[in-house]
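The values are calculated or read from the model by the stated rules, or taken from the named source; none is laboratory data. All values reported here derive from a predicted model rather than from experimental measurement. Quick reminder, even Gly has a Cβ in these numbers, built from the backbone with ideal geometry, and neighbours come from all protein chains shown.
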Amino acid sequence: MPAKNTTAQSILAFDFGTKNIGAATGQTITQIASELPPIKAKDGTPNWDNVAALLNEWKPDRVLVGLPLNMDDSESELSKRARKFGNRLHGRFGVQVEMVDERLSTFAAKEEAAERGHKGNYAQAPVDSIAARLILESWWHQTL
């Protein structure tokens with residue numbers, strides 16, 4: 001866990017998925033996070049040019065990747081794939097990547113989407129990016 005810091009840092013968060021990778025951005029001083037359009041993925045592999053464009057636009061000091069752990073703290077196949085995505089972000093772009101426990105973020109994101117008026121058609125709802133924003137907000141509560 002990073003030390004508490006009052007220096008402004010730009011953060012980019014990802015909610016890894018096999019069809020969509022949710023994205024959100026924020027900065028540490030105001031602790032306000034914003035959802036970004038999700039990145040389409042094919043079996044978990046994004047168009048890396050789209051990822052590069054996000055990194056170039058937001059220039060994050062740190063990148064968070066949600067780690068979907070099971071409720072008993074064990075890792076699933078999706079956890080391993082999320083770690084691989086984080087490793088590739090670091091390897092390709094040299095960004096500092098931190099894995100963040102994201103248990104129940106998708107459940108909470110679906111609840112929030114429903115509150116916004118989505119009626120279960122989550123393909124049309126920004127669930128993945130809501131989850132990325134929730135991951136970022138939970139990281140702030142744990143670290144700042």
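Summed over segment 31-61, residues that are surrounded by fewer than 17 Cβ atoms within 10 Å (Cβ to Cβ), outside any loop (DSSP other than H, G, I, E, B) and in contact (Cβ under 8 Å) with a residue 60 or more places away in the chain total 2. Being more than 14 Å from Trp139 (Cα to Cα), at pLDDT 95 or above and either of a type in the set (S, T, N, Q) or buried (at least 21 other Cβ atoms within 10 Å of the Cβ) (or both) is the requirement here; does Asn20 meet it? Spelling it out, it is not the case that Asn20 is more than 14 Å from Trp139 (Cα to Cα), at pLDDT 95 or above and either of a type in the set (S, T, N, Q) or buried (at least 21 other Cβ atoms within 10 Å of the Cβ) (or both). For segment 63-91, the set of residues classified as in contact with a Pro (Cβ under 8 Å, 6 or more places away or on another chain) and either surrounded by fewer than 16 Cβ atoms within 10 Å (Cβ to Cβ) or of a type in the set (Lys, Arg) (or both) consists of Ser76 only. Among the candidates Gly17, Gly44, which residue alone is out of contact with any strand residue (DSSP E or B) (no Cβ under 6 Å at 6 or more places or on another chain) and within 18 Å of Arg92 (Cα to Cα)? One residue alone meets the criteria, Gly44. Scanning segment 120-144 for residues that are at pLDDT 85 or above, of a type in the set (Ser, Thr, Tyr) and over 17 Å from Pro68 (Cα atoms) yields no hits at all. Scanning segment 66-105 for residues that are touching a residue at least 60 places away in the same chain (Cβ under 8 Å), touching an Asp or Glu at 6+ places or on another chain (Cβ under 8 Å) and part of a strand (DSSP E or B) gives a single hit, Gly66.
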